[in-house]
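Notes follow the structure.
The values are calculated or read from the model by the stated rules, or taken from the named source; none is laboratory data. For clarity, every value in this text was computed on a predicted model and none was experimentally measured. Cβ placement follows ideal geometry from the backbone for every residue including glycine, while neighbour counts extend to all protein chains displayed. Heavy atoms of the whole protein, side chains included, go into the accessibility calculation; ligands, DNA and RNA do not. Shrake-Rupley method; radii C 1.70, N 1.55, O 1.52, S 1.80 Å.
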Amino acid sequence: MKHKLAALLAVPSLTHAFSPPIALPAMRLPRGCYEPRFYMARTVAYYETIDGVKYDAAALGAAREAVAGEGDGRVSKADAKAIIAKLLDGDGVTAIEYRTAFKILADYKFTPAAKTLFIAELSTSPLQ
């Protein structure tokens with residue numbers, strides 16, 4: 001509000017036709033007064049980069065959860081369905097999602113039924 005008053009006071013006085021304009025010293029505003037501050041919530045990245053190559057982070061996370069904890073360390077049929085759900089989150093399979101599927105097949109052990117299901121689901125989904 002004060003900065004608006006300063007601008008108005010710098011105009012020549014209307015009461016005295018020949019009076020010079022009033023020169024006011026520059027006003028110092030509190031630091032950050034007019035700087036917009038945007039705090040973005042920390043979000044989880046959609047892609048995970050491994051050796052300079054982008055992969056779908058959600059699908060890789062689902063595969064890691066599938067082999068962690070109790071069990072024999074293999075991806076079961078139910079786990080394969082969860083991974084497929086993460087991969088097929090859009091209208092079809094993108095190149096990055098397809099690359100992620102191959103990375104998961106190469107890096108994780110599957111039960112035979114889970115591997116068959118995983119490959120069948122990927123082969124029937126449309127490519128983008």
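Okay, here's what the table says:
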{"read-out": "Residue tally, condition open to solvent by 60 Å² or more (accessible area, probe 1.4 Å) and modelled with pLDDT under 90, over region 69-88", "value": "4"}
{"read-out": "Close pairs (6 angstrom Cβ cut-off, 6 or more residues apart or separate chains): touching a residue at least 40 places away in the same chain (Cβ under 8 Å) in region 90-111, assigned to a loop (DSSP other than H, G, I, E, B) and surrounded by 15 or more Cβ atoms within 10 Å (Cβ to Cβ) anywhere", "value": "Lys109/Arg74"}
{"read-out": "Helices (runs of 4 or more DSSP H) within region 37-128 that include 1 or more residues of a type in the set (Ser, Thr, Tyr)", "value": "95-107, 112-124"}
